[in-house]
Each structure stands twice: as C-alpha cells, then as structure tokens.
Amino acid sequence: MPRKNSVKRSSPRSQSAAQLRIIGGQWRSRRVPFPDVEGLRPTPDRVRETLFNWLQVAVPGARCLDLFTGSGALGLEALSRGATAVTFIDQSPAVIKQLKANLQLLKAPQHEVVQASALDWLRQQPEDLGVRYDVVFLDPPFHKGLVSEAVALLESKALLADNALIYIETESELRVLELPAHWHEHRAKTAGQVTYRLFTRASAH
C-alpha cells in the first residue's frame, strides 16, 4: 500500500487535488488542500478524531514533532488544539510548499517546516541538543521498515521528554514493533489496513 513521502506523479499537474478537514480546535472544520503526490494519504478523519481524544489533555502547551508529515494533518490538528509548537519534517518539495502555504493561510503560531528525509533529519540532530518533544507523530510509508530506526534515533538523540507520548501508525500486518523497554502501549486500534498505537515513554533513568 503506497504511503507518504513518495515521489511526485509524472503527470504535469501541480494543483492540489484534494483537501483535508481539521477536526477540532480553533480551526475546526477548516479545509486545506494537500498536493497531488502519489501515495500521499492523510490519516483518516475517524482515526485522527480517536487519536486526539486520547491526546486531549496532552496537546495543549505541548512541543510536537510530525515526522513523515505528508499532508500535515496531524501537526495541523495539534496546532489547532493548542500545541505550543510543531516541527514538520517531509522530503517532498510539493508537500513542503503546500504545507507552508496552509500554515500561512491559517496564520499558524510557532512552527518549523523542514524539507528532509525524516531519518536523515534525525541522524543529523546533535546528541542531547536540549530540545525535548512532548508528543511525536510517527506515520512513515508502509512496508518500508522505517519505524524501528526512527524510534532508535529519537532515543539516541535524546529528543523525547521523559513522559513523551508517541503515536505510531503502521500497516495492520505489522503486529510487533521493536521499541525500548520503557515505552508502554497506552492505546491501540485497527481500522481496515491501518493499525494505530499511542505509547507513553517513562524516564529511562
């Protein structure tokens, strides 16, 4: 199943082909476009609604990291619901261009948008930079085996707050994730071909 961060279509079309709806918060029911990039699919509305019900207490005031951003649906939802700041990471130029336009349209508060491979960006972070993310959205392309390395890098680069919450969205066939012992599954559900899980991170010390 094709997923986010795929290459652009060979078609010369450059205009946005679809829209996503922000579900809650200050931009509730606002619709913003996302680009015609092959395989790019926002996290479905019902999944986002469930996820942000799980996160409703944690998001206000949180510093968030949206890896493999794609449409930006998760990070935008977090900003709409009161996150202090969101860092968006995606390697597609078309995705980054549209995301910046959407953030400007919404007059979004503190955010950072980086065009880069999510794993490359993680590898390039200095160890113990001092930035700690409270909530991380990890929704990589399916069937690529990217979750384990992303998780390992988040830990080795000391990018997570002691009690961080990490959302991981994968293909439903992937039943076992390689995660640190101090990550504990808080919630998990499957919707069709998608399994989504929320983990809590206890202090490793």
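Here are a few things to note about the model shown:
- The one condition in (1) open to solvent by 10 Å² or more (accessible area, probe 1.4 Å); (2) touching a residue at least 40 places away in the same chain (Cβ under 8 Å) that Glu49 fails to fulfil: (2)
- Residue, farthest from Ala83 (Cα to Cα), within the range 19-33, restricted to residues that are touching a Lys or Arg at 6+ places or on another chain (Cβ under 8 Å) and in a strand (DSSP E or B): Gln19
- Number of residues in the range 168-181 that are surrounded by 14 or more Cβ atoms within 10 Å (Cβ to Cβ) and in contact with a Ser or Thr (Cβ under 9 Å, 6 or more places away or on another chain) equals 7.
- Of all residues in the range 50-80 being of a type in the set (A, V, I, L, M, F, W, C) and assigned to a helix (DSSP H, G or I), the one that is nearest to the chain's Cα centre (by Cα): Leu74
The values are calculated or read from the model by the stated rules, or taken from the named source; none is laboratory data. Please read these numbers as outputs of a predicted model, since none were measured by experiment. Every residue, glycine among them, receives a Cβ derived from its backbone with ideal geometry; neighbour counts consider all protein chains shown. When the accessible area is computed, the model is the full protein with side chains, heavy atoms only, and any ligands, DNA or RNA have been set aside. Shrake-Rupley method; radii C 1.70, N 1.55, O 1.52, S 1.80 Å.
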